[in-house]
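The structure appears right after this line, and notes come after that.
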Amino acid sequence: MKISILGMDPSMTNWGMASSVLDLVEGTMEDPVLALVSPKKAEGKQVRVNSSDLHVAHQLGELVIPMALKAKVVFVEIPVGSQSARAMCGYGMCLGILGTLRQMGVQLIEVTATEVKKALSGDRSASKEKMIQAGLEQYPNINWPRQTRDGKGFSKGDVHSKAEHCADAIGAIHAGVNTPAFQQLLKLYQKE
């Protein structure tokens, strides 16, 4: 039996996603397809900060929610608290979208940043660069975000530093399949 899955690394500025198919019998995952949602702020002298934040939240929800609804299981690195009021805004936005997904019936498997790093790179305190490198080593032929020489796209050139969010989304899947919550779900799927 195969199920559609999605890994997510939520962020107000760069929400990384990795969609794939998991073979429950073989325990293997197809090469993931990556997506990076980088919403644009509403700008202008007359735009209030809260209006711009609502604009960003709308863009995130518009892209993240349909992707999550296509998956049987979503593995997500749950964000933790923050050190500033601005970071707390992003934290609240991410939790709001994740709470909405859960309310809509999306099966969320929660993982921590430490679990994500360990599962993908083998290092509990892996740097962003090490996470990207681990992802590239394990999935060299997928659509990693890349920089072009003119800076206008992600199709050619070196892997973009924002690929870290996609690597974390893949790591969320790797970590999530080992959680007790997913193992219980797995038993239910195997009975079908």
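A short reminder: the numbers here are calculations on the coordinates, not readings from a lab. What you see is a predicted model; the values in this text were computed from it and never measured. Note that we place each Cβ from the backbone using ideal geometry, even for glycine, and neighbour counts take in every protein chain shown.
Tabulated data
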read-out: Computed label-point distance, nm, for sites Asn50 and Leu95 using a 7 Å Cα→Cβ extension; value: 1.9 nm
read-out: Cβ-derived FRET efficiency at R0 30 Å, Thr13 paired with Asn141, nearest 0.05; value: 0.65
read-out: Spin-label model distance (nm) - Lys72 vs Arg124, 7 Å beyond Cα toward Cβ; value: 3.3 nm
read-out: Farthest positive-ward along the stretch 2-191 dipole, Cα basis, beta-carbon charges - from Leu108, Met88, Met131; value: Met88
read-out: Amide proton proximity set for Lys2, modelled H, under 5 Å, gap of 5+; value: Leu24
read-out: Kirkwood-Stokes translational diffusion coefficient of the stretch 2-191, alpha-carbon pairs, 10 °C, 1.306 mPa s, µm²/s; value: 93 µm²/s
read-out: Rough spin-label spacing in nm, given labels placed 7 Å along Cα→Cβ, for Lys187 and Gln103; value: 3.1 nm
read-out: Mean residue ellipticity (222 nm) of the chain, computed from DSSP H runs ≥ 4 via -39,500 (n - 2.57), nearest 500; value: -14500 deg cm²/dmol
read-out: Mean Kyte hydropathy of 0.5 or more with a Cα span along the axis of at least 15 Å, helices from DSSP in the chain; value: 85-103
read-out: For the stretch 19-54 and the stretch 109-141, distance of Cα centres in Å; value: 18 Å
